[in-house]
Every structure is written in structure tokens, then in C-alpha cells.
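Chemist: For reference, the structure I am asking about is given below.
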Amino acid sequence: MTTGTPTDGTPADDTPADDTPVNVSKAPSEAGGSGRPGSGAAEKGAAENGTAAPDASVATVDPRLLVRQKGFAGYLEDLLRRLRTGELGSVPVIVGLLVIGAVFQLQDSAFLSSNNLSDLFVQSAGTGLIAVGIVFVLILGEIDLSVGSVSGMSAAVLAVLNINHGMNEVLAVLLALLTGMAAGAIHGFFFARIGVPAFVVTLAGLLGWNGLMLQILGPSGTINLDDDGLVAHLTNYYFADKAAAMGLATVCVLAFLGFSLLDQRRRKAADVPSRPLSEILLRTVVLAVPAYVAAAVFNSYKGLPLAVVIFLGVVVIGDFVLRRTSYGRQVFAVGGSSEAAGRAGINVPMVRITVYAIAGTMAAVGGLFFASQINAANQSSGAGSLLMNCIAAAVIGGTSLFGGRGKTWSALLGALVIQSINSGMALLGTGSALRDMITGAVLLAAVVIDSVSRRTQKTAGRA
Amino acid sequence: MSATPVLALRGISKRFGAVQALTDVELEIHPGEVVALVGDNGAGKSTLVKAIAGVGPADEGTVEWDGEPVRIERPHDAQELGIATVYQDLALCDNLDVVGNLFLGNEIKSRTVLNEVEMERRARELLSTLSIRIPSVRVPVASLSGGQRQTVAIARSLLGEPRVVILDEPTAALGVEQTAQVLDLVERLRERELGVLLISHNMADVRAVSDRVAVLRLGRNNGTFTVSETTQEEIVSAITGASDNVVTRRNARTADNARTTEVHK
């Protein structure tokens, strides 16, 4: 423990009362070794049946450790310490969103109108869904440059199958998603099995899938979708019933509170550290405020948009997969050290291929949302700044470009930032030149924050 | 110490192209015994470890487990038998916390969901049983010191309930206090009746914890010493071959000649 020991902010009462001031350097060995004669056999038994009472040394804590104080004060102090040592998490992006909101609101009072905000949310869904896939790839420490082209290709596949060949729309949607998944799996195969750098593979995909899309669309170049079809509804259906938005917000808040309390109870039962009740309540409130504000905003316009429900669902499912399943653990492990992951018995190529397949699938989903917005698939689908916007959304939201760290929630926050800038600029009528410059500057700022926070974390011994 | 070695190598040989890396190597590890494997660079220590761990199976010779001949063809075979190997470059994921690293590849799940609470409880229990002190099991491994990382790596190898643990240079690049922590841990493994094979260049560490020292020189056994009855010089000369040079050979020859002459007289 030579690192991560800030010399400041170490109140004396951090150390538990029962921890007598021992000689730090020899304490670890003596506590378990010579200090308790004949304990070897007991320890062995404890380890084997795994049910014996926790050893007494569980309670003793390294005196150098900044132990969290019990209760709320400890939580606040811990939070501040994390911020100081570079664990910024979502703080910069939330601050950024507030600043963007305030600036545009001062320029044009229509910006924070429920009408504009609701549209902004709906339009951010496409970018955000693709960015969810990018988050998976970034956690691996890789990049996917092909998501724009894959999204356009999937939209083209859907349009051709559904409109030109008259295929059932649900089936066509499934085939479009499968196309995206297959494209991603092909990238993953060349990267993981053949060993081609992911940057080059997906760059080839960027060109190749765009060409295939033009081929599929054929000479006409634009295929209009059914105005009342499933895909059209993705971005233009609203749950007009006011109970829908409020109900969803309530379900989310209650589910969060319930799972937090359940987790706390299980942790207490297992005698491992748990969050204090005050912290859980604070977190719930912090979640509840934006949830109900958003619900009120949606309700004062057309109601809860279907696009937002799907986007939120994907983010929550993605978060669950990454943090609560062994597959997610494997993705993080490969991103942290593929060598270590392989030695731990993880099938590294399989993880890489599936992650690229997920990125391809999410690109296809996003492509359908973009097609839904213009109600057509055309030659410019998936072109332009779409790719950079999606990668920028993931990074702006706080997912590290260096691999091993990230959350799907960053896709949500980042997509909101990107779309806020787009929407604000459109309101002000400044055109795409200024918009692209500002988006570029925000992306640069996000990457700078990522790099600097990584360096700060390193000096604080946390990266 | 029981009579039957838990792991015994008999006549292990291994070739790499034109190089005979190992020739007829013998090694025995008993339960509750720390055997140090020493030798100069290129003596064949790593090759022998790879043969035991199943990474690079031997060409000839047999491996006996509890006295029964077994085949170790893949790393998986070694793990099945109960051989855990902690490599020199620790193989931990810096971005995962201690719990994540301990259970990587063997996560505890309730249905399909990771059971973080149970994993954390078991991790704390395991670490406390081994008297490993770590600030918190929820800090990323990157923030631990070299010694703490080493103890985490060793603790992880114990999760599979192995009977033999192979430690490859566990104290290389560690400071004084951290080395002491790792050596304490090795002794605790012995108390738990595990067989430990310790590969090290550090004579002080070897003499501090091991019961026997097996010396490899140029791919062959060059003596097995009981630490309590051997001086450091004897071990070092076995490693470097200091006792095997022109002078000693001549001395031996003249002594032989003298004896022969005496007999003939």
C-alpha cells in the first residue's frame, strides 16, 4: 500500500476504535501468524467448509486505510475524495448539460420548452442506441468505425425487404437487425481470430457496408417507408395517456429503491459493508427528480414517446449485462488485460466477436430509428457526422477511450449533449458549420477530461 | 510429512529443436512441504514449471499424482488435478476490483446474475484466513502495491482448492516488507498442508521458507538439499557448478588415483 494514501483529510476518527495503534509494518503478518498459536488448523477448516464464523481479523482494518465513516457524512466525504482523485464519473457531462441548457435558453427561450425537449429526447434515441454498442466496444479498449455504414445498410435492408418485396414488417425488422449483427460478427472475426487491428477492419467495414447499402438500394436511391408501419412508429408514437409517463417514472424510482434496499439487506446479512440508508434515499431522490421532471415535460407535449421507452430499456438492459452478468465481467476483464483474461479461462476471441456483434446489432437498431425519423431509407443514411456523433456520445458521456471503464448510461447522457447542441443550433439557425465546430470542441473537451482524469487517477493510484 | 509425494516427476525430458532443455529430471513434492526450485538462467526451471502446469508438456518421463501416473497435456488437466500456478507476471486485470479478480472465470452466480454479495463475503473470508490485509476488497487492483497484488494473485490460485501451488518468482521486484508478507503467506500455505513449489533466484528467501531445495543445472538435477542441513555456499556452488571445474575434477582424480594405488600396493 504505497499508493492511494492521501496525506490530507484523514480525520483521526477514521480508524476504528478497536484498532490499537500497532506497528504498521509488521501488523499484517503478526496478526495471523505467531499471534494466535494453533490457529492454522482452525483456519483450514474455516476455508474448507466456508461457513465458519468470520475470522476476528475481518474486523481489524488497515490503519492507513481511509475508512468511510458511518452514515451520511462519510458518504459525502467519500464522494468529494473520489472527485479530487479524478473519479469524475458522470459529473462533467451533467455539468455540461446544464451549461448547454442555460446558454441556449438565454439565446432562445424556446429551447427549454416541453415541445423542444421532447423532440430532443426522441431524436437523441438513434445516436444513443448506436452509442450503447460503442460503449461495449470502448470497454474492450477498441473502436468501431463502421457503425454509421452498418446502420444505413440495415435501414436499406429493411426498406427493400418490406417495401420492394412486400415482406412482413416484423420479419423484415428482424432480418435488418440480423444483418447488423452479422456485419459486426464479421468485424469481430477478422479482429479476434485473424488478428487484424480493429481500426482497419472497421474502416474497411465503413467503406464496404456503405457500398453494399448503395447496391441494395438500387438505382432509385430512396425508398419511402410505410407511414403507419412499425418502423415509422418507433419515433412518432407517443403514449398519450398521462399515466404512462408518470407510471414509468414511478416504476423506475421504486425499482431502484427496492433493489437498493434489497441489496443493503443481503449485504447486512452477509456481514459485508453496505450503503447507509441515508445514502440510498439521497440516490433515490437524485434519480427521482429528473425522472419526474422528464415525465412532466413529456406529458405537457404529446405524452411519453415510444423511442424514449425503448432507448431507456436498452440502456438499462445493457447496464445489467455489463455489471451483473459474468459475460459483462468478461468484457471488462478483456478490456483490462486480455492476457489475464485468457489465463483465467475466458474465451477472449469469443468475447471480442460477440462485443462487435452487439455493436453491429445496436447500429442496426439505431439505423431503424434514423430511418423512422425521415420515414425513408436513402443513399445518405448513416453518412455524414453520424459515426463521429455516436463515438462522441459514448466518450462525452464518460466512457473511457482507454478501455476497461464505462457504462451504458454514458450513451444516454452523451447522446443528450450531442442532440442538445444540434437542437439549440437549429433553433438559432446557425447552420451546420458552427454546429460541427462546437460538437468537435465538446468532443475534444470530453477526451481531455478523460485523459486528465485518467492521469489524476493514476497518481492517486486508482487506474 | 506423508510418505507418498503428492506430486512426483520421474525422468522428465524435454527438447526444443537442437536444445535438450531438460534431461531425466526428478522432483518430489510432499503435502505440507515447500520445495524451492533454483538454478541459473536457462537451467530449465521455467520449462519444468510449464511441464507441470500443462503449458508445455514434457517429451518423456512420467508425472505421478498421489503415486499414480497421470498425464498433463493442457493447463486444464493440471487444474483438474489440483495444481495451481501463479506466474511471474501476475495476470490480474487492473481495472477490476479485488473481488472481481479473485473470482474471474469462476464467478458465483445465483441463476444467471452475479452474486456480488456472496463473492465479497467469500473474498473477505479467504483473505482473512490467509491474513492478507488489503484496504478494501472493492478497490481496483491497480491501486494495490506490488506485494498486495502478489498476495491477491496467490489467494486467487487457492480458490480452486488446489493441493499443489507453484509460485514463479513470487518475490521478484518486491520490497523488504512485501517480500516478508509473501513469505508469510507461503508458510501459511504449508500450514494448510499444501505442497508448494517455489521458484526463486533469491537465496535468502529460499532459505527462509523452504524445506528442501532442488537445484537444476543445464537441464539436469544437480542435487536436492535439505535446507536445515545445508549451507548457502553448498547450494550456490550447486547452482553455478563451482564445485565442478578443472580443479575439483583434478582433485577428485588424484584422490581416486591415490586410492587405486593404495589398493594395488
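The values are calculated or read from the model by the stated rules, or taken from the named source; none is laboratory data. Keep in mind the model is a prediction, meaning the values are calculated, not measured. As a convention, Cβ positions derive from the backbone with ideal geometry for all residues, glycine included, and neighbour counts pool all protein chains shown. We work out accessible area using only protein heavy atoms, side chains counted, and drop any ligands, DNA or RNA first. Shrake-Rupley method; radii C 1.70, N 1.55, O 1.52, S 1.80 Å.
Chemist: Can you name every one of the helices (runs of 4 or more DSSP H) wholly within the stretch A:193-282 that holds 3 or more residues which are farther than 30 Å from A:Ala363 by Cα?
Modeler: A:242-270
Chemist: Take residues that are modelled with pLDDT of 85 or more, under 21 Å from B:Ala8 (Cα atoms) and out of contact with any Pro (no Cβ under 8 Å at 6 or more places or on another chain) and tell me which of the helices (runs of 4 or more DSSP H) falling wholly in the stretch B:176-265 contain 2 or more. Write out each step before concluding.
Modeler: Details: elements: B:176-191, B:203-209, B:232-240, B:246-264.
By residue number, B:176-191, B:203-209.
Chemist: Wholly within the stretch B:1-79, which strands (runs of 3 or more DSSP E) include no fewer than the required count, namely at least 2 residues that are open to solvent by less than 60 Å² (accessible area, probe 1.4 Å) and at pLDDT 90 or above? Reasoning before the result, please.
Modeler: Working: elements: B:7-16, B:19-29, B:34-38, B:60-65, B:68-70.
Answer list for the stretch B:1-79: B:7-16, B:19-29, B:34-38, B:60-65.
Chemist: Six or more apart or on different chains, Cβ under 8 Å: which pairs go from a residue in the stretch A:224-245 that's within 19 Å of A:Asn378 (Cα to Cα) to one that's acidic (Asp, Glu) and at pLDDT below 90? Could you list them?
Modeler: A:Ala232/A:Asp226
Chemist: Further, regarding this structure: How many of the residues making up the stretch A:294-306 are more than 22 Å from the chain's Cα centre (by Cα) and either open to solvent by less than 80 Å² (accessible area, probe 1.4 Å) or under 25 Å from A:Leu76 (Cβ atoms) (or both)?
Modeler: The total comes to 8.
Chemist: Can you tell me how many residues in the stretch A:324-381 are under 15 Å from A:Glu142 (Cβ atoms) and of a type in the set (Ser, Thr, Tyr)?
Modeler: The qualifying residues number 4.
Chemist: Continuing with this model, one more query. Tally time: how many residues in the stretch A:208-217 are of a type in the set (Gly, Ala, Ser) and free of Cβ contacts under 8 Å to residues at least 24 places away in the same chain?
Modeler: Within the stretch A:208-217, residues that are of a type in the set (Gly, Ala, Ser) and free of Cβ contacts under 8 Å to residues at least 24 places away in the same chain number 1.
Chemist: Restrict the check to the stretch A:359-379 and report whether at least one residue is under 18 Å from A:Gly101 (Cα atoms), of a type outside the set (Ser, Thr, Tyr) and surrounded by 24 or more Cβ atoms within 10 Å (Cβ to Cβ).
Modeler: Pass one, the stretch A:359-379, residues under 18 Å from A:Gly101 (Cα atoms): none.
No, every residue in the stretch A:359-379 fails to be under 18 Å from A:Gly101 (Cα atoms), of a type outside the set (Ser, Thr, Tyr) and surrounded by 24 or more Cβ atoms within 10 Å (Cβ to Cβ).
Chemist: With touching a Lys or Arg at 6+ places or on another chain (Cβ under 9 Å) and in contact (Cβ under 8 Å) with a residue 12 or more places away in the chain as the only criterion, which of B:Ala91, B:Ala123 stands out?
Modeler: B:Ala91 is the lone residue from the list that is touching a Lys or Arg at 6+ places or on another chain (Cβ under 9 Å) and in contact (Cβ under 8 Å) with a residue 12 or more places away in the chain.
Chemist: Further question on the same structure: Can you list residue pairs whose Cβ atoms sit under 7 Å apart, with the first residue in the stretch B:96-112 being over 13 Å from B:Ala153 (Cβ atoms) and modelled with pLDDT of 90 or more and the second being of a type in the set (D, E, K, R) and surrounded by fewer than 16 Cβ atoms within 10 Å (Cβ to Cβ)? Count only pairs 6 or more apart in sequence or on different chains.
Modeler: B:Asp97/B:Arg138; B:Val99/B:Arg138
Chemist: Take the conditions touching a Lys or Arg at 6+ places or on another chain (Cβ under 7 Å) and of a type in the set (Val, Ile, Thr) and apply them to B:Thr85. Does it pass? Walk me through how you get there before you give the answer.
Modeler: Details: touching a Lys or Arg at 6+ places or on another chain (Cβ under 7 Å): no; of a type in the set (Val, Ile, Thr): yes.
No.
Chemist: As an exercise: evaluate A:Phe311 against (1) among the aromatic types (Phe, Trp, Tyr); (2) within 14 Å of chain B (Cβ to nearest Cβ); (3) buried (at least 16 other Cβ atoms within 10 Å of the Cβ) and give the number of the one condition it does not meet.
Modeler: All conditions are met except number (2).
Chemist: Could I ask something else about it? Listed residues A:Ala363, A:Ala333, A:Ala377; which is touching a Cys at 6+ places or on another chain (Cβ under 9 Å) and under 30 Å from A:Asp119 (Cα atoms)? Lay out the reasoning, then the answer.
Modeler: Values: A:Ala333 fails: under 30 Å from A:Asp119 (Cα atoms); A:Ala377 fails: touching a Cys at 6+ places or on another chain (Cβ under 9 Å).
Matching residue, one of A:Ala363, A:Ala333, A:Ala377: A:Ala363.
Chemist: Would you confirm whether any residue within the stretch A:370-392 is among the aromatic types (Phe, Trp, Tyr), over 19 Å from the mean Cα position of the chain (by Cα) and over 19 Å from A:Thr202 (Cα atoms)? Spell out how you get there, then give the answer.
Modeler: Just the residues of the stretch A:370-392 that are among the aromatic types (Phe, Trp, Tyr), to begin with: A:370.
In the following step, the residues that additionally are over 19 Å from the mean Cα position of the chain (by Cα) were identified as A:370.
Then drop every residue that is not over 19 Å from A:Thr202 (Cα atoms), which leaves A:370.
Within the stretch A:370-392, one or more residues are among the aromatic types (Phe, Trp, Tyr), over 19 Å from the mean Cα position of the chain (by Cα) and over 19 Å from A:Thr202 (Cα atoms).
Chemist: Yes or no: B:Leu81 under 26 Å from B:Ser200 (Cα atoms) and either among the aliphatic types (A, V, I, L, M) or within 17 Å of the chain's Cα centre (by Cα) (or both)? Don't jump to the end; show me each part of the working.
Modeler: Values: under 26 Å from B:Ser200 (Cα atoms): yes; either among the aliphatic types (A, V, I, L, M) or within 17 Å of the chain's Cα centre (by Cα) (or both): yes.
Against the criterion (under 26 Å from B:Ser200 (Cα atoms) and either among the aliphatic types (A, V, I, L, M) or within 17 Å of the chain's Cα centre (by Cα) (or both)), B:Leu81 qualifies.
Chemist: Any chance you could count how many residues in the stretch B:80-116 are out of contact with any strand residue (DSSP E or B) (no Cβ under 7 Å at 6 or more places or on another chain), open to solvent by 40 Å² or more (accessible area, probe 1.4 Å) and within 9 Å of chain A (Cβ to nearest Cβ)?
Modeler: Looking only at that region, the number is 5.
Residue-wise test of (1) at negative phi; (2) touching a Ser or Thr at 6+ places or on another chain (Cβ under 7 Å); (3) of a type in the set (Lys, Arg).
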residue	(1), (2), (3)
A:Ala155	yes, yes, no
A:Ala159	yes, no, no
A:Ile186	yes, no, no
A:Arg193	yes, no, yes
A:Trp209	yes, yes, no
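Chemist: What number goes with the only condition from (1) open to solvent by 30 Å² or more (accessible area, probe 1.4 Å); (2) over 28 Å from A:Arg82 (Cα atoms); (3) more than 9 Å from chain A (Cβ to nearest Cβ) that B:Pro162 does not pass?
Modeler: (1)
Chemist: Continuing with the same structure: Tally the residues that are more than 8 Å from chain A (Cβ to nearest Cβ) and within 26 Å of A:Gly141 (Cβ to Cβ), restricting the search to the stretch B:117-137.
Modeler: The first filter runs over the stretch B:117-137 and keeps only residues more than 8 Å from chain A (Cβ to nearest Cβ), leaving B:119, B:123, B:127, B:137.
From what is left, the residues that are within 26 Å of A:Gly141 (Cβ to Cβ) are B:119, B:123, B:137.
Number of matching residues: 3.
Chemist: All but one of (1) closer than 26 Å to A:Phe121 by Cα; (2) open to solvent by 20 Å² or more (accessible area, probe 1.4 Å); (3) away from chain B (no Cβ under 14 Å) hold for A:Val321; which doesn't?
Modeler: (3)
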